[in-house]
Every structure is written in C-alpha cells, then in structure tokens.
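K.L.:
Quick one: the structure is below, questions incoming.
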Number of protein chains: 2
Amino acid sequence: MNVKPLQVPLRTIMTPGPVEVDPRVLQAMSTPILGQFDPAFTDIMNEVMEMLRQLFQTENQWAFPIDGTSRSGNEALLCSIIEPGDKVLVPVFGRFGHLLVEICERYGAEVHTMECPWGEVFNQQDIINKVIEIQPKIVAIVHGETSTGRMQPLNLLGPACRKQDVLLIVDAVASIGGANVAVDEWCLDGVIGGTQKCLSVPAGMAPITYNERVEKVILQRKKVEYGIATAEELEKGSYTNRIRSNYFDLAMLQDYWSPRRLNHHTEATSMIYALREGLRLVLEEGLYERFGRHSYHENALVKGLEAMGLTIYGDATHKLPTVTCIEIPTGIDGDSVRKMLLEQFGIEIASSFGPLHGKILRIGTMGFSCRKENILAVLSALEAVLIRHGFEPNRGAGLQAALDFYEAPVCIPVQEG
Amino acid sequence: MNVKPLQVPLRTIMTPGPVEVDPRVLQAMSTPILGQFDPAFTDIMNEVMEMLRQLFQTENQWAFPIDGTSRSGNEALLCSIIEPGDKVLVPVFGRFGHLLVEICERYGAEVHTMECPWGEVFNQQDIINKVIEIQPKIVAIVHGETSTGRMQPLNLLGPACRKQDVLLIVDAVASIGGANVAVDEWCLDGVIGGTQKCLSVPAGMAPITYNERVEKVILQRKKVEYGIATAEELEKGSYTNRIRSNYFDLAMLQDYWSPRRLNHHTEATSMIYALREGLRLVLEEGLYERFGRHSYHENALVKGLEAMGLTIYGDATHKLPTVTCIEIPTGIDGDSVRKMLLEQFGIEIASSFGPLHGKILRIGTMGFSCRKENILAVLSALEAVLIRHGFEPNRGAGLQAALDFYEAPVCIPVQEG
C-alpha cells in the first residue's frame, strides 16, 4: 500500500459540527510538543482551566477537558456520580436526550424520562413538578439539542433543583461558546461543552466543569489506582461504590489537573494547544459579542431561507441560534440535496436522526464557520440545488434578503438566558 | 486574563513518551478539517485502518483508533469483553500491569494476578501453567512495560491461550512501532498500541486491533443506542449483559468504522490526520527497518551510559529496546538531575513510579526522538549534570563510546520476537 501525503479538499462546512477550524487554531496544533509534566506544559494546562472557567461563566475550581470527543464528557460526569440504583430524571426532546438516558442506564441508574414533541422544549415548571414527584438524585438534560435545533431554558430549573438538593447535569455541547450558558447564575452543577462546534476547535476534547456539590459525591468514591497511590490511600478500606470507569474517573482526573499532577493518562498535547488557542480567540472576541455574532448570522440565514420560500422547522421561540432546521419540501430527496451541495459546491450541511431523517435539513452557524461569506454561499448554492431537484424557490430572493439584512445598520441582538 | 498566542520552548524529549513529533506529522495536523461523513474523510479513515493492520501485522478486519489516550484503548477492549464475574488473569511485572488489574476490577471481573520482581519478566511457561490452573476467560498482559523497561515474550503464551480457548489481550502501547509486535503470528486476540511513543504522533488516540474471537463476544452484547437504532435492533429483547460504557462500546464503534458509518461520536479529525501521517512514515521507513533503528540507537545509548560508569537497571535479556533504565548512583537526587537537564539543556528524561521512584531514571529511544543527535545530546548533558550533582563519571567516555559505535560499520540488529 503506497499512501500519499495528506491532501484534502477545502470545504465550506455549515453542519452543526464539526465546523471549520480557525486557521490560528490549526497553526497552534503544528507547534512542537512538550512533555506532560514539563512546567511549560502544566502552565498551559492552568491557562486552559482559567479560560474554561470564563467560558462557562463560573467560579468553579474544576474546569478541564476530558480527552475524548464530546460524549466522553457526558459519560465522565455521569459515571462519576451515578451509583447503581440512583434515580436520574432525563427530560428528552431530541436524540441527545436519548444519549443521556443510554449512558445513565448503562451505569445502572433507575432512569425516569419525560418527553415532549421533537421541535419543542419543555416548560420548566413541568420538569420541576416531575423533580418534586420523583425526587431523583440527578437531572440530566440537554441545553442545545442539535438534532431538533431547540434550546431548553434552564434558568428556573437550576434554582429549583438546587432547592430540592438534586444535581443538575447539562449537555451544552452545541451551545457553549455560541449562546449563553451561565453555569453559576443558572445553578448548573455539572456542564459538558463541545470543541468542534461553536469553539471551532477540532473534535477530540470535551471541556467540562462541575461544582463542589458534584465534587463531594465524587470524592466519596475516590480510589487512586495501585502503583501510584500513596500508602495512606491504599489503606482506605474497600470501595464498594467506586467509579466504574478508570478512564473517566473524575476523582483521579481532578488530581491530574491539580498541583498534585497525579499521573493518570498522557495529556493530548496538540489538542490542548488547539483548545488553548480556541479559548483565547473566544475571549478575545468577548463572550457576549460572540453570542451576538452567532445570532446575527443566524438571522441573516433565516431571512434568506424564508425569502427563498422555505419553512423553518420547529418552535421559533426556543430555536437554538446555532442550528437552523429547514423542512424538506414535499417530494424532495434531502440526502440528494446534501450530496449535490457537497459535490458541486464543496458545501456541507446536515440531515438529522431517527424520526427527523428525511424530514429536515440542518444548517449550522457555529464558530469560525459562522460568517457572512458562508451564509451567502450556502443560500446561493441551496437555491441552485433545490431548483435542480424540482423545487421552485423565489429565485434570487434568498440572497437579496440576506444582503438587505447585512446592509442594514448593525443591531446585534443580545442573547437571553 | 490576557492570554498571549501560544509560544513553547523547544525541547529534546527523551522520555518514554510523549516523544517529539515528526515535523511532517505536525504539519498534517494543521490541515483544514473535513466533516466526519464527507467521503474524502471516510476514505482517510479507511486508509488509517489499512495502515494499522500493517502496523499490527494482522489480517484482522478490525483495526482502528479509540478517541482517547492510550489507556482508553485498554479500557475499550477490556470493558467490551468483561462481564461481571468473568475470570481474568493478569501477570504483573510493573505499573501498567496494575493498571490492567484496576480496569478489570472496575468492570466487575474476578481478577487473578501473578507477580514477578520488577525489572524481570515472566517465564512464559509459568503463565501458561497458571492459565491451565485458573481457566480464565481472559489473560490481560503488558508487552512493553515502560515503568521497568522490560519486554515480555509472548510467542508461546499466545498459542497456549488459543489452545485453552482463552482470550489474550495485550497492552503494546510502549512497543508498537518500535519493537516487533506480531499480532497474528503470536496469536494475540486483542492488542492496544500507543501513538505518543514509537509512532511519534501526539497523545490522544489509542489504536487497537482485535480478531473474530473477540468480536464474537462483543456482538453478543451489542445494543445500538436509541435514537439511531433500527426498529429491528430495538426489538432485540433485553440486554442484561450489555457493555457498560457507551463511549467504549466496540460493538457500536466498529459500526462507525464500517461502511454502515453508524453515528457514534464525531471522529477527532486532526488527530486522524496525525495518525495517518505517522503511520505513513512508519510504513515508508519499513517496520523491520524501524525496529532496527530503535535497537541501533538504544545500543549506542547503553554503550555510552555504561562507559560513563552508570549501571543499567534490570534483566538485560528482556530489556525493552525503547526504554533504558539507569540505576541512580547512591546519594544522587534523581529528580534534581532531571530538573537540571530540563532547565539547563532543555532535555527531558523520566523518573519512574511507585517502588522505583528515586531508584531509576528512564531514557526513551522512541520514534522521531530516537536519533543520533538526541543520543549524543543526552549523554553529554547527563555527564555534566551528574558531575554537578557530585557523581564522578569517566569524563568524556560516554560520548567517545557512542561515537565509536556510530562510526563503526553499521550492523543493525534484527529484532527477535
């Protein structure tokens, strides 16, 4: 087998992740590596933690990445606090709610679910009522549900869970860095972010944060592995409730990310470089400015799509600003549309999962991909491709509407909680 | 917090990993990303699989990376085949044997261990006798034990396990790409490699391979997650023996790496680019040529260290060619030696774990770091630093011995199994 050096086509990536990576992040990844305990590297780890705290808008001590793709963050947080038989409530409003159920079940939780129609979100009071009824140890919920393009308000649920002494774990993979995720203000106990979406860092890390309430549960289950544990740690009796996974054991991971620098794994150096640069660019832009930019280009996209004659899917009040779902016009083959967009225009958009596959197309406005050229490119290409598929749009109207929006005085909307 | 763009000191990294990354691999990482289901990307995934088969010297269908650091590969393989109560035999001859015990215990195995003194390896017949006595479902063992610098022969153990219908799982993280790991010839059922050692790719991926014997166990436990499972898959009854981890569920992961492309996680694009380039360079060099190069520079290093007056630690017959352990001379503070090497010379070497911390120093000869300039640099710096610490070496002799070796007619030793 004679494999040639890597050569890839350049794409305009307008999916809900992975999205285009900022060239400055790509450049950071080509920096020579450092040893994991080199002071120059542990300084970088500390910078990453500090910037993650700002990203999550939290005073939590613990904010660090899990070395794995986004769902590794979900699994790390959940498996570190779930003991077999624990009650977990998961309100499901899309595919990634099911993923939370899946993970909780695998770790032996007694999972209670509640569902609302896909395309909608829950009234927070309904969840709160269920919490009071079931009295779970944990509520696990998605914030930005990419599969349906909805964003679940959490500002009332958090304080209510706190009052009931329930741990609230939130999957903010699709919203972090693109929409407001106010961890402390909303009383979220543990939160998982994603890199390959609004942070515009490649997939492969899952930034998480958690507070002292979560830490307390974790430390009760702590067992440092033999071969590096101190004598005292080895003596600490049996651990019938120990965390099932070694890789995702937050009790050991937080020691690795603390001055103790307990050896666990070998930190993924180049991905840390990428995350550091990605976070730096987020903070340089400003959190609220960044949320505003995401909404701004989302608005242009929606105006363009509607002017073209397409229907935006789902409850508009709770639309996730980083994902726009289009109802596929009757008789049109969505997968064929996506294929032609990719092959003829080098533009990638997404389909969806399960019941929504074939029903909607999803366009992401995330991170570095979320910029004017890309919005205009996708509107123009989509119109042409839909015409080739037998759909008759209002020709030219999509781009005109977007240009009208872009040429109007800038009024960047401020994101609400 | 005003964080500056990334700037790191250049190091000569002579630890047993992570080691210096080939500049061509770093360059590949700065390539713009592709969507995970873009045909241009799935082609790259297929190339990676094919090259991994060659690296592992196997005809196995399954050879792909887990998106996590090396120990994620151990956990993925073990948790996908261990059911609570399963008997697992782990022969321990260093820290990473303990890690295997740790992982097996956490997943509910009945773990049996056998130990030999650190610095030695097992007589294979002793392990075989234990296998016959205990009749485990699985034997899990380290091939190259970095903590002690030993390499365990497996060529007899594999066929014996096969005969007893026992699954043999091997941690070859520290040897893969630097020493011979003949998966099919030695009858290894499941093997984990590392990227950040002899492949000279950054940490963050764990290449694994497994055969049909392992796959059979995994498929009996298969359960595709709700939200993407087909109706038929959802109907397939209860799964009391399902794999505990969602992230490490090889039944789903192999579907992701097959033409089905079942969505599991978002593949870590840039790390796949790095792995692809790293594997390409390994195969371009040639597997056996590469093993020879590792032994060649290891020889030069050992000759230099001995000429300097230092004692090489452990049973020389089973020395791991990619790690050389030095006994720390009496009265010398090993950590202070390492610190001075890093601060004055920018050279990093390693200490060890548990009972060996403070007793030995470890020097890696791995991947891109394993080259003449680095060997000469570490010998020269180590002599100077040891003198500053009160140890009196044979001044100048280390470099002279290494140069003698390098100037002699090249006779690259062929690695034995």
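Bear in mind these aren't lab numbers, they're just calculated from the coordinates by the rules spelled out. If you're wondering where the values come from, they're calculated on a predicted model, not measured in any experiment. Every residue, glycine as well, gets a Cβ built from its backbone with ideal geometry; the counts of neighbours run over all protein chains shown.
K.L.:
Taking the protein assembly as shown, how much of its Cα-Cα pair set, in percent, is spaced more than 45 angstrom apart?
P.N.:
Here the long-distance tail beyond 45 Å is 25 percent of all Cα pairs in the protein assembly as shown.
K.L.:
Based on the mean of other beta carbon atoms within 10 Å per residue, what is the order of B:31-38, A:7-14, most packed first?
P.N.:
B:31-38, A:7-14
K.L.:
Quick one: which of A:394-400, B:165-171 comes out on top by average Cβ neighbours within 10 Å, and what's the full order, highest first?
P.N.:
B:165-171, A:394-400
K.L.:
Return the average number of partner chain Cβ atoms within 10 angstrom of each residue Cβ along peptide B:334-342.
P.N.:
Mean shielding count: 1.
K.L.:
Out of region B:215-311, which chymotrypsin sites (Phe, Trp or Tyr not before Pro) are coil in DSSP terms and have no more than 16 other C-beta atoms within 10 Å?
P.N.:
Sites meeting the loop and neighbour criteria: B:239.
K.L.:
Using all Cα-Cα distances in region B:88-136, what percent lands in each 5 angstrom bin from 0 up to the longest?
P.N.:
5, 22, 30, 24, 16, 4
K.L.:
How many percent of DSSP beta bridges within chain B run antiparallel, rounded to 5?
P.N.:
Looking only at bridges with both residues in chain B, the antiparallel portion is about 50 percent.
K.L.:
Right, something else. Under a Cβ-only charge scheme (Lys and Arg +1, Asp and Glu -1), can you give me the dipole magnitude of region A:16-282 about the Cα centre, in debye to the nearest 20?
P.N.:
160
K.L.:
What is region A:70-226 by shape, rounded, prolate or oblate, if you read a ≥ b ≥ c off the alpha carbon gyration tensor as root eigenvalues and call it rounded for a/c under 1.5, prolate for a/b larger than b/c, and oblate otherwise?
P.N.:
Rounded.
K.L.:
Still on this structure: Using modelled backbone amide H atoms (1.01 Å from N, in-plane), which distant-in-sequence or interchain residues come within less than 5 Å of residue B:33's amide H?
P.N.:
A:21
K.L.:
Averaged over peptide A:4-12, how many Cβ atoms belonging to another chain are found within 10 Å of each residue's Cβ?
P.N.:
Average neighbour count from other chains, rounded to a whole number: 6.
K.L.:
Could you grab the relative contact order for chain B? Cα pairs under 8 Å, six or more apart, rounded to a whole percent.
P.N.:
With pairs under 8 Å counted, the relative contact order is 23 percent.
K.L.:
Can I ask one more? A 18 angstrom limit on the alpha carbon distance is what I want to check against. Which of A:319/A:339; A:87/A:130; A:4/B:197; A:223/B:359 exceed it?
P.N.:
The answer is A:319/A:339; A:4/B:197; A:223/B:359.
K.L.:
What is the local net charge at residue A:108, summed over the other residues whose Cβ is closer than 10 Å to its Cβ (Lys, Arg +1; Asp, Glu -1)?
P.N.:
-1
K.L.:
Whole-Hz ³J(HN,Hα) for each residue in region B:149-164, computed from phi via Karplus 6.51 cos²θ - 1.76 cosθ + 1.60 with θ = phi - 60°, x for glycine and proline: what do you get?
P.N.:
So the Karplus estimates, Gly and Pro as x, are x, 10, 10, 8, x, 10, 5, 9, 5, x, x, 5, 5, 4, 5, 8 Hz.
K.L.:
In whole percent, what relative contact order does region B:285-347 give with Cα contacts below 8 Å and a gap of six or more residues?
P.N.:
Normalised by residue count, the contact order of region B:285-347 is 26 percent.
K.L.:
List the aspartates and glutamates whose alpha-carbon lies under 14 Å from that of residue A:303, not counting same-chain residues fewer than 8 positions away?
P.N.:
Reachable aspartates and glutamates: A:383, A:404, A:407.
K.L.:
Also: When only Cα pairs under 8 Å and 6 or more residues apart are kept, what is the percent relative contact order across region A:17-166?
P.N.:
18
K.L.:
Provide, for q = 0.10, 0.15, 0.17 Å⁻¹, the log10 of I(q)/I(0) from a solvent-free Debye sum over equal Cα point scatterers in region A:16-282.
P.N.:
-0.49, -1.08, -1.34
K.L.:
Sticking with this structure for a sec: If you place +1 on the Cβ of every Lys and Arg and -1 on the Cβ of every Asp and Glu, how big does the dipole about the Cα centre of region A:18-61 come out, in debye to the nearest 20?
P.N.:
60
K.L.:
From the label point of residue B:388, set 7 Å from Cα along Cα→Cβ, how far away are the matching label points in the other copies, in nm, ordered shortest to longest?
P.N.:
6.6
K.L.:
Still on this structure, I have one more. Express in nm, to one decimal, how much length is gained between residue A:397 and residue A:410 on full extension, taking 0.36 nm for each residue of separation and deducting their alpha carbon distance.
P.N.:
Taking 0.36 nm per residue and subtracting the Cα distance, the gain is 2.6 nm.
K.L.:
Can you give the average number of partner chain beta-carbon atoms within 10 Å of each beta-carbon in peptide B:13-20, as a whole number?
P.N.:
Shielding by partners across B:13-20 averages 4.
K.L.:
Further question on the same structure: Do any GluC sites (Glu not before Pro) in region A:295-338 lie in a loop, going by DSSP, with at most 16 other beta-carbon atoms within 10 Å of their beta carbon, and if so which?
P.N.:
none
K.L.:
Also: Counting only other residues whose beta carbon sits under 12 Å from that of residue A:310, what net charge do I get with K and R as +1, D and E as -1?
P.N.:
-3
K.L.:
Next up: For chain A, what is the calculated [θ] at 222 nm in deg cm²/dmol (nearest 500), taking -39500 (n - 2.57) for each run of four or more DSSP H residues and dividing by its residue count?
P.N.:
-12500 deg cm²/dmol
K.L.:
Could you compute the net charge surrounding residue B:69? Neighbours are other residues with a C-beta less than 9 Å from the C-beta of residue B:69; K and R count +1, D and E count -1.
P.N.:
Combined, the nearby Lys, Arg, Asp and Glu give -1.
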